[in-house]
Amino acid sequence: MTRRPCTPPVLPARLTRRMTTIVAVGVMLALTAGRSSPAVDGSGASTSQPATQPFAAGADRPADPTANRRGPARKQALERFGGNPASERAVADGLAWLAAHQDPDGVWRRAGYQRRCPANDLCSCPALTRTDANMDVGVTALAVLAFLGAGHTHQGGPYAQNIERAFEFILARQRPSGSFAPESPMQMYDDAIATLAVAEASVLTNDRVFRLPLERGVRNLERAQQHDGGWDYTADVRTARNDTSITGWVLMALKAAAAANVRPSVETRWRILAHFDRATGPDGRVRYSDKGVGMEEDPQSGQIGPRFGPAMTAVGLYARTAIGLRGDSPDARRQIGLLLGELPSLDAMMHRDATGLHNEYYWYYGTLALFHVGGESWKQWNRALRNSVLEYQEHPTRRDGSRRHSYGSWPAYGPGWGKWGRAGGRVYSTAINTLTLEVYYRYVPAFLAPSGLLGPIELRSRVASLRTAPREALALCRAFHADASEPVLVEFLAHRDAAIRRDAALALAELGSPLGADELRAARPAADAAMRRRIDDALRRIAARPPAGEFGPVTAVDAVAKMLLFATGDASVYYGQRVAVMREGRPIAIARVDRRFTAERAAAATLVSADADVAVGDRVRAESSP
């Protein structure tokens, strides 16, 4: 009997991430454990012993990144982030084409999909290079991701059988090592994309059939990581080659696995950051690789050096948000400028770009990167993207109005264009363009849900290991999003070096925290003119903070840990802020904010004093500001 791994799930069909679930997985206990940590006082010794962290794995668990893929949330996200009925029709047509060109064994074959076409209506653009079966698992995983991206699963709906057959093939290909394609010359592309598909299916369905394959897949990716933090074409770590394109896919897979609560090791995560730090040039461009394929001769100097291209810059910008870094750093701003300077253009792809690097692959990564940045940058990119992708989707019909077989798909190549399409064929081009147009609801954007692979627990631990290099540690903190960096930056205010205290106070002011105001005032008299201007700007920013006001209700209480979780709504909150818990208009307790959760519009706080037991539903307001 054919193995059918996608059986009806025993666990609930849909994961949910309510605010109370954050507590259930141990957020507040993890915060309690994490508060006693090595201080960054510059003494070279720990001022306290780190506590155990039994719930640390759940502490920074991201909110469900797939929450917008179904139901009313999908329509709302589509409208909010720039999709429209035309983009949705394009997605529907793309999925219909993919479903019609899947073989009965679940595989989408790059070169053989024409077997699914009528003899008198063959779809063009089969793969022309690398036409063996080695890449079948990766391309099949890419195609099934397009269905998952629109919220379809094997548990029901019009494409349930297509998805089930695809996963039967993918899971059957996995070896005990965790690799899905150990013989493939493109092994790590295959392994990364297959692991990504398994992870997303696990998050969407909570079907435990995916759990062990996902765990094996993640461990396989960890073992294949190169010493310098990237990945190469194969799992051979002796090559010492770091490929940014492959590393981007691995990062996506590990990010999705973390959402399914299968976390890569902390060391793996830090080494990914190290790769992107090394691969990013001073102008913001990101190199393709540091060895072998991807190195080329400079026509001016004759020197051999790394190749740069817009897609790799987009991968680098996406990586920042996926890891947990700030999206407004100098590097990020340079990368945003580079992408906006080369907006998606069908004319550029098919006629003007002689390098072949302005293509649908660039559009895919540029879309992911700028979607997570948001704002005007995203709006500008999206206008160009949507027009370009929709324009070259094929909609051929016969004289009687009936659709030809290529209807809804995208051509993969043509005269003078289609560098990667010649290897991926029409299956690849249709899958990746469909995924691109699903971006509006496929993920929750990072500017709303900044949960990265590295959070405050990992950052605090790394800073403690750098206590003899405080400037390096401070610079590392400043690179991270406020949700992760703010609690650690506050500790630098107690450092013995006045310049470190001052710089930490400046960094906190950038995040909207007034906790360093006294330090800035103390540093101002001895500062030079340039530093004085920076201090004055920071103090003005602190003074311009909205007045302290009302927050939302208490949503969870841990009496043992003496902690509470409360909704913040649209009000700003900062680490260390004192808040009053109110009941019937009167304060019953005072608490101190220990962590803010931007994605959940919530904050956790420790009780300082209480006249009565705090209960769910009590209201919270700001007590005072420094």
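A few comments on the model shown:
- Seen through its C-alpha gyration tensor, with square-root eigenvalues sorted a ≥ b ≥ c, the stretch 70-227 comes out oblate because a/c lies at 1.5 or above while a/b is not bigger than b/c.
- Environment charge of residue 107, counting only residues whose C-beta is closer than 14 Å and scoring Lys/Arg +1, Asp/Glu -1: -1
- Using alpha-carbon coordinates, inclination of helix 187-205 to the longest axis of the chain, degrees: 70 degrees
- 0 to 90° range, to nearest 10: angle between helix 244-259 axis and the chain longest Cα axis: 60 degrees
- Environment charge of residue 177, counting only residues whose C-beta is closer than 9 Å and scoring Lys/Arg +1, Asp/Glu -1: +4
- Take the convex hull of the alpha carbons in the stretch 494-597; its mean projected area over all directions comes to 8.2 nm².
- Answer label, with semi-axes √(5λ) of the Cα gyration tensor in Å calculated from the coordinates and candidates (i) 37, 36, 22; (ii) 44, 28, 23; (iii) 38, 31, 29: (ii)
- The residues of the chain expose, per residue, 40 Å² of accessible area to a 1.4 Å probe.
- Between residue 132 and residue 510, the contour length at 0.36 nm per residue exceeds the Cα-Cα span by 130.7 nm.
- Förster radius 60 Å - calculated FRET efficiency between residue 616 and residue 115, Cβ distance, rounded to 0.05: 0.50
- Normalised convex hull volume, the stretch 313-398, alpha-carbon set, Å³ per residue: 100 Å³
- The stretch 409-562: equivalent-ellipsoid semi-axes (sqrt of 5 x gyration tensor eigenvalues, Cα, Å): 44, 23, 18
- Helix 498-510 and the long axis of the chain differ in direction by around 60°, with both axes built from C-alpha atoms.
- Net charge contributed by nearby residues that have their C-beta within less than 14 Å of residue 428 (K/R +1, D/E -1): +3
- The length gained by stretching the chain between residue 84 and residue 239 to full extension, at 0.36 nm per residue less their Cα-Cα distance, is 51.2 nm.
- Spacing of the modelled spin labels on residue 533 and residue 472, each 7 Å from Cα toward Cβ, amounts to 3.2 nm.
- The chain - percent of accessible surface contributed by carbon and sulfur, probe 1.4 Å: 53 percent
- Under 18 Å from the residue 524 label point (7 Å along Cα→beta-carbon), backbone N, the stretch 541-563: 541-545
The values are calculated or read from the model by the stated rules, or taken from the named source; none is laboratory data. Keep in mind that this is a model prediction, so the values were computed, not measured. Because the Cβ atoms are built from the backbone with ideal geometry, glycine has one as well, and the counts that use them run over all protein chains shown. All accessible areas refer to the heavy atoms of the entire protein, side chains included, with ligands and DNA or RNA removed. Shrake-Rupley method; radii C 1.70, N 1.55, O 1.52, S 1.80 Å.
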